[in-house]
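Only one structure is covered here, and it is reproduced in the block below.
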Amino acid sequence: MANSTTAKVKVDPRDAKLSMAHFFVAFSALALGGLMGLLQTLVRSGKWELPWGIDYYQILTVHGVLMGLVLTTFFIMGFQYAAVSRTTGGHSNAARRTGWIGFWIMLVGTLMAATMVLLKEASVLYTFYAPLKAHWIFYLGLTFVIVGSWIDGAAQIMTYAKWRKNNPGQPSPLLSFMAVINTVMWIIATLGVAATVLFQLLPWSLGLVDTVDVLVSRTLFWYFGHPLVYFWLLPAYMCWYAIIPKIIGGKIFSDSLARLSFILFLLFSIPVGFHHQLTEPGIDPAWKFLQVILTFMVIIPSLMTAFSLFATFERYGRSKGATGLFGWFKVLPWGDARFTVPFIGMASFIPAGAGGIINASNQMDQVVHNTIWVTGHFHLTAATSVVLTFFGISYWLVPHLTGRKLTKAMNKLGIIQAWVWFIGMAFMSGAMHFQGLLGGPRRSAFSTYGGSKQAAEWIPYQIAQAVGGTILFIGIILVIIIFINLAFFAPKGEEEFPVAVAENLEEKAPMVFENWKLWLGIAAALILFAYTIPFIDIIQNAPPGSKGFQTWSKW
Amino acid sequence: MAKAELKTNQKTEIENSSSLKGTLASVFLLGAFIVVTWVSVYYLFVERF
Ligand code: HEM
Ligand SMILES: [Cu+2]
């Protein structure tokens with residue numbers, strides 16, 4: 001039946017609707033969050049102040065929550081939902097209904113939390129560290145977002161499970177496999193943040209208990225916080241491994257290598273949260289050391305990814321007749337936004353990853369901890385590598401879902417957008433890195449710190465950040481224009497959802513990769529190994545709990 | 001296309017098209033970059049602490 005083959009290559013229109021719903025939320029968050037980002041850099045330059053009693057930490061909370069939590073989670077869930085639909089032949093009605101329920105719960109939770117931030121009841125930044133205390137509705141909203149994301153993710157898992165049942169003994173489609181790995185990692189990770197919100201922060205903000213154990217809540221937060229950044233990254237890797245090869249006209253270097261690297265991410269992304277708490281007292285250094293070792297294990301799949309991507313590009317280039325050591329680089333399709341935009345993201349991951357290794361090196365963390373270097377670092381990882389890849393994905397996925405076409409003009413604008421972003425980020429993130437090495441703190445409005453000589457050295461870098469922030473904001477305007485065009489105005493047509501195949505089709509991925517009992521078992525064992533003893537120690541030797549603080553100005 | 005390939009069908013050509021030496025060079029450059037940045041910050045650490 002012709003119908004069933006087209007149904008396979010196209011995302012079912014009913015699934016498309018749900019994906020698009022996610023993207024509308026994601027891009028609204030981007031627009032608003034981007035404006036906040038611009039304002040932050042302007043405030044920090046010292047040349048401008050926020051009007052109407054709005055305070056810096058309020059907009060910083062809006063920016064962090066919208067960019068770090070809302071944009072990412074909604075985009076990722078929408079993309080993975082579409083990728084599973086495309087590669088398994090579509091979601092069932094039950095899975096689709098599940099997805100919609102999850103979406104709405106997440107959206108309601110987001111609105112609850114956002115309202116409290118706007119009312120100045122929750123300027124606690126996106127990490128909502130205790131003992132900063134927000135209104136209970138903020139925490140309840142977060143709970144909704146988390147629970148909603150579980151339900152949303154369950155839709156992908158249901159469809160994957162159904163596919164496995166209908167195709168016994170077959171390795172699942174690569175993109176579906178990757179989406180499910182990421183969703184499973186997300187569910188395991190969010191258990192930690194759900195625990196601190198439900199059992200500590202909610203009762204405390206409701207006044208049911210007076211004090212909170214700060215270290216326990218921060219430890220639970222970072223049990224979630226590190227896998228959070230891999231939750232952002234893995235969808236970008238899905239694009240790099242399994243979509244980009246098709247766009248350039250090449251093949252996936254190795255399907256099995258791709259699956260193995262995703263499994264390694266699942267195993268090693270979670271038992272490593274202490275690397276965000278290296279300077280924190282109250283955690284035994286031996287356990288910090290262990291988690292640092294586990295952190296360094298993540299370098300393995302990262303370098304596997306780098307190797308595999310270089311190899312895909314080189315093999316494609318050589319098949320086009322490129323010669324010499326780097327001749328293949330020139331023949332890549334630089335005029336295609338679907339390739340070039342994510343490529344700039346990939347290239348940015350080189351300095352981003354190098355910075356990450358520095359952050360995780362226990363002693364060297366003392367040089368950069370809580371400085372604006374860290375902010376510079378994750379604006380390369382999340383705000384460049386990840387978001388540029390997301391932009392590149394949306395340039396074909398949005399028209400695919402809305403039945404439109406990416407026109408030549410929009411393709412060109414997409415490439416310009418990515419370069420604008422790259423240049424803006426080079427200024428902003430570069431200046432943040434250097435200012436951080438000179439000791440400039442993160443999460444700080446403009447201050448001369450009582451006329452300190454050291455703080456005066458930072459000001460030129462802060463001005464460079466404002467220049468970068470302004471360029472980046474132009475990038476935000478451009479991407480919003482493209483998104484609106486592709487969603488509503490681009491000419492009707494069919495845009496391909498590219499899915500690459502592996503070079504060696506005979507090599508069937510080993511079924512052991514789909515053995516969830518095995519991988520979940522190892523993941524659980526690693527988590528228990530890395531956390532049980534130090535966590536008991538943290539609880540048993542806890543100092544008295546802290547009452548809540550509200551350090552920000554109220555309306 | 002195919003014809004042109006046939007004409008230059010030498011042993012080196014075949015080897016070249018499956019060669020991954022550019023990939024090897026790239027990962028070495030990547031590794032070197034990581035080491036250089038790491039050592040620079042390590043130097044700052046030793047200076048300061
Ligand atoms: C127009 C583009 C952007 C600009 C100008 C910008 C600017 C900034 C600045 C200046 C800060 C830190 C200020 C401080 O520590 O005091 C910041 C923090 C942050 N940004 Fe961005 N940013 C942009 C885009 C993004 C994107 C796309 C993401 C994520 C995908 C993102 C995620 C974050 C997060 C999570 C924080 C941390 C907030 C906190 O420390 O609580 N930003 N941004
Ligand atoms: Cu981390």
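The values are calculated or read from the model by the stated rules, or taken from the named source; none is laboratory data. Since the model is a prediction, treat every value here as computed from it, not as a measurement. Neighbour counts are summed over all protein chains in view; Cβ atoms, including those assigned to glycine, are modelled from backbone coordinates with ideal geometry. Protein only, heavy atoms only, side chains kept; ligands, DNA and RNA dropped before computing areas. Shrake-Rupley method; radii C 1.70, N 1.55, O 1.52, S 1.80 Å.
Taken over region A:268-300, the residue count meeting the criterion of being within 14 Å of chain B (Cβ to nearest Cβ), in contact with a Leu (Cβ under 8 Å, 6 or more places away or on another chain) and either away from ligand 2 (no atom under 12 Å from the Cβ) or of a type outside the set (Val, Ile, Thr) (or both) is 1. For region A:271-279, the criterion of being at pLDDT below 90, surrounded by fewer than 24 Cβ atoms within 10 Å (Cβ to Cβ) and more than 24 Å from the chain's Cα centre (by Cα) is met by at least one residue.
Does A:Leu520 satisfy the condition of being within 23 Å of the chain's Cα centre (by Cα) and over 27 Å from A:Ser217 (Cα atoms)?
Details: within 23 Å of the chain's Cα centre (by Cα): yes; over 27 Å from A:Ser217 (Cα atoms): no.
No; evaluated as a whole, the condition is false for this residue.
May I ask you to say which residue of A:Pro333, A:Pro301, A:Pro271 is within 30 Å of A:Pro171 (Cα to Cα) and not in a helix (DSSP H, G or I)?
On the way: A:Pro333 fails: within 30 Å of A:Pro171 (Cα to Cα); A:Pro301 fails: not in a helix (DSSP H, G or I).
Among A:Pro333, A:Pro301, A:Pro271, only A:Pro271 is within 30 Å of A:Pro171 (Cα to Cα) and not in a helix (DSSP H, G or I).
Restricting to region A:10-25, and then to whatever is more than 24 Å from the chain's Cα centre (by Cα) and closer than 16 Å to A:Trp396 by Cα, can you tell me which residue is least open to solvent (accessible area, probe 1.4 Å)?
The first filter runs over region A:10-25 and keeps only residues more than 24 Å from the chain's Cα centre (by Cα), leaving A:10, A:12-14.
Now drop any that are not closer than 16 Å to A:Trp396 by Cα, which leaves A:10, A:12-13.
Working: A:Lys10: 58, A:Asp12: 38, A:Pro13: 103 Å².
That would be A:Asp12.
No other residue among A:Phe488, A:Phe529, A:Phe535 is away from ligand 2 (no atom under 16 Å from the Cβ), in a helix (DSSP H, G or I) and modelled with pLDDT under 90 apart from A:Phe529. In region A:354-372, the residue that is farthest from the other protein chains (Cβ to nearest Cβ) out of those that are away from ligand 2 (no atom under 12 Å from the Cβ) and open to solvent by 20 Å² or more (accessible area, probe 1.4 Å) is A:Asn370. Scanning region A:201-214 for residues that are assigned to a helix (DSSP H, G or I) and open to solvent by less than 30 Å² (accessible area, probe 1.4 Å) gives A:Leu201, A:Leu202, A:Pro203, A:Trp204, A:Ser205.
Got at least one residue in region A:358-373 being more than 13 Å from ligand 1 (Cβ to nearest atom) and within 19 Å of the chain's Cα centre (by Cα)? Yes, region A:358-373 has at least one match.
Please verify whether A:Glu507 is part of a loop (DSSP other than H, G, I, E, B), over 30 Å from A:Val272 (Cα atoms) and in contact with a Ser or Thr (Cβ under 7 Å, 6 or more places away or on another chain), treating the condition exactly as stated. The answer is yes for A:Glu507. Taken together, the residues in region A:29-54 that are under 30 Å from A:Ala456 (Cβ atoms) and either within 7 Å of ligand 1 (Cβ to nearest atom) or open to solvent by 30 Å² or more (accessible area, probe 1.4 Å) (or both) amount to 18. Residue under question is A:Leu191, and the condition is that it be out of contact with any Pro (no Cβ under 8 Å at 6 or more places or on another chain), within 25 Å of A:Leu528 (Cα to Cα) and surrounded by 21 or more Cβ atoms within 10 Å (Cβ to Cβ); does it hold? No; evaluated as a whole, the condition is false for this residue.
For region A:311-333, which positions are touching a residue at least 40 places away in the same chain (Cβ under 8 Å), open to solvent by 60 Å² or more (accessible area, probe 1.4 Å) and either more than 7 Å from chain B (Cβ to nearest Cβ) or β-branched (Val, Ile, Thr) (or both)? Full working, then the answer.
Step one: filter region A:311-333 for residues touching a residue at least 40 places away in the same chain (Cβ under 8 Å), giving A:311-313, A:315-316, A:319, A:332-333.
If we keep only those that are open to solvent by 60 Å² or more (accessible area, probe 1.4 Å) too, we end up with A:315, A:319.
The one that is touching a residue at least 40 places away in the same chain (Cβ under 8 Å), open to solvent by 60 Å² or more (accessible area, probe 1.4 Å) and either more than 7 Å from chain B (Cβ to nearest Cβ) or β-branched (Val, Ile, Thr) (or both): A:Arg315.
Considering A:Phe390, A:Phe427, the condition of being open to solvent by 30 Å² or more (accessible area, probe 1.4 Å), away from chain B (no Cβ under 14 Å), more than 16 Å from ligand 2 (Cβ to nearest atom) and part of a helix (DSSP H, G or I) is satisfied by A:Phe427 alone. Being within 16 Å of ligand 1 (Cβ to nearest atom), of a type outside the set (D, E, K, R) and open to solvent by 10 Å² or more (accessible area, probe 1.4 Å) is a property that A:Ala409 lacks. The residues listed here are A:Ile105, A:Ile59; of these, the one that is among the β-branched types (Val, Ile, Thr), open to solvent by 30 Å² or more (accessible area, probe 1.4 Å) and over 20 Å from A:Ser176 (Cβ atoms) is A:Ile105.
Does A:Ala347 qualify as being within 14 Å of another protein chain (Cβ to nearest Cβ) and either part of a helix (DSSP H, G or I) or free of Cβ contacts under 8 Å to residues at least 12 places away in the same chain (or both)? Walk me through how you get there before you give the answer.
Details: within 14 Å of another protein chain (Cβ to nearest Cβ): yes; either part of a helix (DSSP H, G or I) or free of Cβ contacts under 8 Å to residues at least 12 places away in the same chain (or both): yes.
It is true that A:Ala347 is within 14 Å of another protein chain (Cβ to nearest Cβ) and either part of a helix (DSSP H, G or I) or free of Cβ contacts under 8 Å to residues at least 12 places away in the same chain (or both).
Does A:Arg338 meet the test of being assigned to a helix (DSSP H, G or I) and over 29 Å from A:Ala383 (Cα atoms)? No; evaluated as a whole, the condition is false for this residue.
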